[in-house]
Each structure stands twice: as C-alpha cells, then as structure tokens.
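Novice: Submitted below is the structure of interest, expressed as structure tokens.
Just so it is clear, none of the values below were taken in a lab; they were calculated from the coordinates. Since this is a predicted model, take the numbers as computed values, not measurements. All Cβ positions, glycine included, derive from the backbone under ideal geometry; neighbour counts span all protein chains shown.
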Amino acid sequence: MELEVIDSSGAAKGQVSVPDAVFGVRFNEALVHQVVVAYLAGGRAGTKAQKTRAEVRGGGRKPWRQKGTGRARHGSIRSPLWRGGGKVFAAKPRDYSQKVNKKMYRGALRSIFSGLVEQGRLLVVEPEAITLEAPKTRELAARLRALGLGDALLVTEAFDEKLYLAARNIPRIDVREVADLDPVALIVHERVVVTPGVAARIGEWLA
C-alpha cells in the first residue's frame with residue numbers, strides 16, 4: 001500500500017510504499033487489549049508488603065486474664081482488631097507480569113499500525129520536517145503547529161538528542177526511536193509521526 005508523505009508545511013511531497021502485512025491488516029481489538037494490559041501489568045513494581053498478626057512484633061502475652069475483669073476477652077495486643085496489630089489479609093510482594101508470546105506481541109503491533117492508518121492517525125513526513133540543527137523548543141513547537149500537531153509521538157530511526165531535548169518540555173509530545181516503540185506509546189497519542197525511513201524499518205521489523 002501507499003502512504004502520502006508531506007513536508008514541514010503540510011504539503012504533499014509524494015508517496016511511500018509500505019507492506020500491507022504490517023499496515024493493512026484487520027484490526028484485532030481483543031489481541032491489542034490483551035497485549036496492552038500485559039504491558040501495563042509488567043510495569044507494576046509489586047513491592048507492596050504488610051505484616052500478618054504472626055509477623056508483627058510483640059503480642060505474645062495475653063493482655064489480661066480471660067474472666068473477671070469486665071472487659072472483652074483478648075489473647076494478643078497484635079490482633080487485627082487492635083491498633084498496631086497485624087493485617088487480616090496482608091499484602092505481599094507479587095509479580096504482576098503476564099506471559100505474551102512474541103507472535104502475539106508482533107501481531108498486536110501490526111494491528112495497531114493498521115488501525116492508525118485506517119483512522120488517519122499515522123503521519124508520514126519528510127526527515128527534514130523533524131530534524132533540528134539545534135535543540136530549540138521554540139523551533140520544534142513552530143514546526144508542530146505548522147503540521148497541526150498538538151498530541152503526537154515522533155518516531156525516529158535512531159536516538160536524536162537534539163529532537164529529544166527540544167521536545168521534552170512540550171506537553172503531550174513524545175520522542176521515541178523505532179527500537180523503543182511499545183503498544184501503549186502508540187495508542188495514547190492522537191497522531192504518530194514517522195519518516196519514510198522509519199516506516200520502512202517498521203515494515204522490516206514486523207513483516
């Protein structure tokens with residue numbers, strides 16, 4: 001399939017050929033949902049920890065005798081009923097990660113890219129449109145306004161320090177290289193901006 005390429009002013013400057021197997025497949029919502037949930041779950045630390053009544057220090061002696069005091073019977077001051085006592089269902093460190101096969105992950109990315117094309121959210125621009133001579137936020141902001149971009153992910157072939165430094169102070173603008181792409185980054189932004197070279201690398205990666 002062919003995607004239109006535009007310049008820094010938004011004018012059409014030709015087309016780029018991309019593989020249908022990556023940018024033209026049917027959107028699989030269930031697969032994308034599963035992979036996104038697994039990706040987010042894998043980012044959870046899972047380090048929360050609390051103590052049960054057996055793990056809290058103290059409470060080995062009965063606070064008062066069973067009968068004759070007029071007070072309710074208690075066997076330990078570390079009961080969950082007491083302030084400073086243990087937790088009934090104490091949270092413990094756990095692993096939230098979910099297993100996702102490589103085939104499923106790549107299939108979800110193909111589905112996401114195809115969905116971006118279908119919805120008109122994938123923008124192919126000339127490399128000069130997002131190449132900066134100096135890390136100037138004002139210059140990048142002006143270029144993004146010319147392209148009508150307010151919430152976008154800019155994808156580069158390799159790490160571009162100048163572009164990264166210029167974009168880090170602009171709200172809702174993120175810069176990633178192809179190797180660092182993930183499902184969540186692709187779907188949270190309104191537009192995904194790539195160059196013809198990036199589109200070719202994505203096609204080789206996911207074909």
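Novice: What distance in nm separates the two pseudo spin-label positions at Tyr164 and Arg57, each 7 Å out from Cα along the beta-carbon direction?
Specialist: 4.5 nm
Novice: Could I ask something else about it? If Lys and Arg each add +1 and Asp and Glu each add -1, what is the summed charge of the other residues whose beta carbon sits under 12 Å from the beta carbon of Leu165?
Specialist: Its environment carries a net charge of 0.
Novice: Mark the label point 7 Å from the Cα of Thr131 along Cα→Cβ and return the residues of the stretch 163-184 whose backbone N is within less than 16 Å of it.
Specialist: Residues 163-164 fall inside that zone.
Novice: Going by how many other beta carbons lie within 10 Å of each one, how would you line up Phe23, Phe89, Phe159, fewest first?
Specialist: The order, fewest Cβ neighbours first, is Phe89, Phe159, Phe23.
Novice: Expressed as a rounded percentage, what relative contact order does the stretch 49-92 have, with Cα pairs under 8 Å and six or more residues apart?
Specialist: 51 percent
Novice: Could I ask something else about it? Are there trypsin sites (Lys or Arg not before Pro) in the stretch 127-187 that DSSP marks as loop and that have at most 13 other Cβ atoms within 10 Å, and which are they?
Specialist: Counting only loop positions with at most 13 other Cβ atoms within 10 Å, the trypsin sites (Lys or Arg not before Pro) in the stretch 127-187 are Lys136, Arg168, Arg172.
Novice: Go through the stretch 7-19 residue by residue and turn each phi into a ³J(HN,Hα) via Karplus (6.51, -1.76, 1.60, θ = phi - 60°); whole Hz please, and just put x for glycine and proline.
Specialist: Result, rounded to whole Hz: 9, 5, 9, x, 7, 5, 10, x, 9, 10, 8, 10, x.
Novice: Taking 0.36 nm per residue of sequence separation and subtracting the Cα-Cα distance, how much length would be gained by fully extending the chain between Ala41 and Met104, in nm to one decimal?
Specialist: Taking Ala41 through Met104 to full extension adds about 21.1 nm, to one decimal.
Novice: Next up: Could you give the nm distance between label points at Arg26 and Ser9, where each point is 7 Å from its Cα heading toward the beta carbon?
Specialist: A separation of 4.3 nm, rounded to one decimal place.
Novice: Under 1.5 on a/c is rounded, so check that first for the chain, then, if it is not, pick prolate when a/b is larger than b/c and oblate when it is not; a ≥ b ≥ c are the square roots of the alpha carbon gyration tensor eigenvalues.
Specialist: prolate
Novice: Long-range amide H contacts for Val5: which residues qualify at under 5 Å (H placed 1.01 Å from N, peptide plane, sequence gap of 5 or more or a different chain)?
Specialist: Placed amide hydrogens put Lys13, Gly14, Gln15, Val16 under 5 Å from Val5.
Novice: Next question. Student exercise: in the stretch 49-92, how many lysine pairs 8 or more apart or on different chains have Cα atoms under 26 Å apart? Please report the intermediate quantities before stating the final value.
Specialist: Details: Lys51/Lys62; Lys51/Lys87; Lys51/Lys92; Lys62/Lys87.
Qualifying lysine pairs in the stretch 49-92: 4.
Novice: Another question, if that's okay. Helix 29-42 versus the longest principal axis of the chain: what is the Cα-based angle in degrees, 0 to 90, to the nearest 10?
Specialist: Rounded to the nearest ten degrees, it is 60.
Novice: So for the pair Ile187, Asp95, with labels modelled 7 Å out along Cα→Cβ, what separation do we get in nm?
Specialist: Each label point is offset 7 Å from its Cα along the Cβ direction, giving 2.5 nm.
Novice: Right, here's the next one. Cα axis of helix 137-146 to longest principal axis of the chain: angle in degrees, 0 to 90, nearest 10?
Specialist: 60 degrees
Novice: Treating the angle as unsigned and between 0 and 90°, give the value, to the nearest 10°, between the Cα long axis of helix 102-118 and the longest Cα principal axis of the chain.
Specialist: Once rounded, the angle reads 50 degrees.
Novice: Give me the percent relative contact order of the stretch 114-193, please, defined on Cα pairs under 8 angstrom at least 6 residues apart.
Specialist: 38 percent
Novice: I need Asp95, Asp182 ordered by Cβ neighbour count within 10 Å, fewest first.
Specialist: Least to most surrounded, the residues fall as Asp95, Asp182.
Novice: Explain nothing, just the number: dipole magnitude of the stretch 49-92 about its Cα centre with +1 on each Lys and Arg Cβ and -1 on each Asp and Glu Cβ, in debye rounded to the nearest 20.
Specialist: Values: 13 positive and 1 negative charges, 30 e Å.
It comes to approximately 140 debye.
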